[in-house]
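The values are calculated or read from the model by the stated rules, or taken from the named source; none is laboratory data. This structure is a prediction, so every number in the text was calculated from the model and none was measured. Methodologically, a virtual Cβ is constructed for each residue, glycine included, from the backbone with ideal geometry; neighbour enumeration extends over all protein chains shown. SASA here: full protein model, heavy atoms, side chains in, ligands and nucleic acids out. Shrake-Rupley method; radii C 1.70, N 1.55, O 1.52, S 1.80 Å.
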Amino acid sequence: MFDFQIVTTWFDNLLRQTLGLGDFWSILIECVMVGLIILTIYALIAMFMIFFERKVCAWFQCRLGPMRVGPWGVFQVLADVLKMLIKEIFGVDRSDKFLYALAPCLTIVASVGTFSFLPWNKGAQVLDFNVGVFMITAISSIGVLGVILSGWGSNNKYSVVSAMRGAVQMISYEMSLGLCMVIAVVLCGTMQLSGIVEAQTGPWKWLIIQGHIPAIVAFCIFLIAGNAEANRGPFDLAEAESELTAGYHTEYSGMGFGYFYLAEYLNLVVISGLAAAIFLGGWAPLNIGVDGFDTVMNYIPGFVWFIGKTLAVIWVLMWVRWTFPRLRIDHILILEWKYLMPLTLITLVVMTACVALGLTF
């Protein structure tokens, strides 16, 4: 398995030894390069996700989706992005100007921050703290502030109601989402995301196999809670065209609305990437203990494994969105507090007992 640290070490030596730069300039250049790479990948994935969902939606509804702008409609997203970039940005009368402008920034900061934790390959992870699971939960919580402030700062009663819906839903499902990650921590013995992936390397070491029944239950709960956390259907009650119009970002135009739009799609990628990394081995290949098969699997680059698993989870979540009808807000909260939360706590206790008694594979 290729270790991406070879590339980062080479670039660091190029700056420090070949070019003779000091610590300050070397670190500054590296941080700028990493930031540009993250934002570029972020934007490209967002455009791909918009096109991908349009095609998936069309397939489920027996339609073709975008077809006219470019081959198979691939340039339709570029046209939409260009339109959004040149669209006029206007303010709202009697709104809180500071909060109105701050809200989309907080939303995009939370999205980019959690996106930076994704382990794309061995050694290819921007943020990799020893308390990574805790940091992911903390940074993703900033998005709740963006939702609340966007509704309050807009001076629009419909946006305020939508923000309240979105915030209570995100805060509620963050509980189950965090506990599912704690279940993985109990099994792997580390809060570091790279350590969780490393613990899943080897024959039949993926978490849903190691932890068997409790891990599979935790994986399913993680997908449900993650879908709700990202405000995706059937949990997209913050956007209700019949009574709340576009929801908490109704009063935003241009890239103000674009930030919320991008964050929604990238949050889906983040949730799917975390599910792939924590429960499906991340960049770890599928090994079954047969030398010939394992050797072939190990030749496949780690980022291919990670992207493939992430796309598979995204496909499942899109399948759910375009299959099930939207829930009422009270049903959404009942599902979390009466069913998912108790089930998650029971699963955590069962996983702890399995690890203590050595009942894992």
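Assorted remarks:
- Filter pass, Thr114 being out of contact with any Phe, Trp or Tyr (no Cβ under 8 Å at 6 or more places or on another chain), at pLDDT 85 or above and either surrounded by fewer than 18 Cβ atoms within 10 Å (Cβ to Cβ) or at negative phi (or both): yes
- Verdict on Thr8 being in contact (Cβ under 8 Å) with a residue 24 or more places away in the chain and under 25 Å from the mean Cα position of the chain (by Cα): yes
- The single condition from (1) closer than 28 Å to Trp305 by Cβ; (2) buried (at least 20 other Cβ atoms within 10 Å of the Cβ); (3) not aliphatic (A, V, I, L, M) that Gly146 fails is (1).
For (1) in a helix (DSSP H, G or I); (2) on the phi < 0 side of the Ramachandran plot; (3) surrounded by fewer than 24 Cβ atoms within 10 Å (Cβ to Cβ), each residue gets a yes or a no:
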position: Phe235; (1), (2), (3): no, yes, no
position: Glu239; (1), (2), (3): no, yes, yes
position: Gly258; (1), (2), (3): yes, yes, yes
position: Ile278; (1), (2), (3): yes, yes, no
position: Gly292; (1), (2), (3): yes, yes, yes
position: Trp305; (1), (2), (3): yes, yes, yes
position: Val316; (1), (2), (3): yes, yes, yes
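- Per the conditions (1) part of a loop (DSSP other than H, G, I, E, B); (2) open to solvent by less than 50 Å² (accessible area, probe 1.4 Å); (3) of a type outside the set (A, V, I, L, M, F, W, C), the sole criterion not satisfied by Ser176 is (1).
- Here the condition is being farther than 22 Å from Gly178 by Cα, out of contact with any Pro (no Cβ under 8 Å at 6 or more places or on another chain), of a type in the set (Asp, Glu) and at pLDDT below 90; of Glu243, Glu229, it holds for Glu243 alone.
- Tally, over the range 336-361, of residues that are touching a residue at least 24 places away in the same chain (Cβ under 8 Å) and open to solvent by less than 100 Å² (accessible area, probe 1.4 Å): 14
- Asp96 being among the acidic types (Asp, Glu) and open to solvent by less than 80 Å² (accessible area, probe 1.4 Å): yes
- Unmet criterion (only one of (1) small (Gly, Ala, Ser); (2) under 28 Å from Ile307 (Cβ atoms); (3) open to solvent by 50 Å² or more (accessible area, probe 1.4 Å)) for Gly91: (2)
- Leading residue by the ranking (nearest to Gly113 (Cα to Cα)) among those in the range 18-50 that are surrounded by 10 or more Cβ atoms within 10 Å (Cβ to Cβ) and polar (S, T, N, Q): Thr40
- In the range 80-99, residue nearest to the chain's Cα centre (by Cα) [restricted to those that are under 23 Å from Ala46 (Cβ atoms) and not in a loop (DSSP other than H, G, I, E, B)]: Val81
- Criterion: out of contact with any Pro (no Cβ under 8 Å at 6 or more places or on another chain), more than 23 Å from Leu345 (Cβ to Cβ), part of a helix (DSSP H, G or I) and of a type outside the set (S, T, N, Q) - qualifying residue of Val269, Val197: Val269
Matching residues to (1) under 27 Å from Val74 (Cα atoms); (2) assigned to a helix (DSSP H, G or I):
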residue	(1), (2)
Gln17	no, yes
Leu21	no, no
Phe24	no, yes
Val32	no, yes
Ile38	yes, yes
Tyr42	yes, yes
Ile45	yes, yes
Phe48	yes, yes
Phe52	yes, yes
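- Going through (1) on the phi > 0 side of the Ramachandran plot; (2) touching a helix residue (DSSP H, G or I) at 6+ places or on another chain (Cβ under 8 Å); (3) open to solvent by less than 50 Å² (accessible area, probe 1.4 Å) one by one, Trp204 falls short only on (3).
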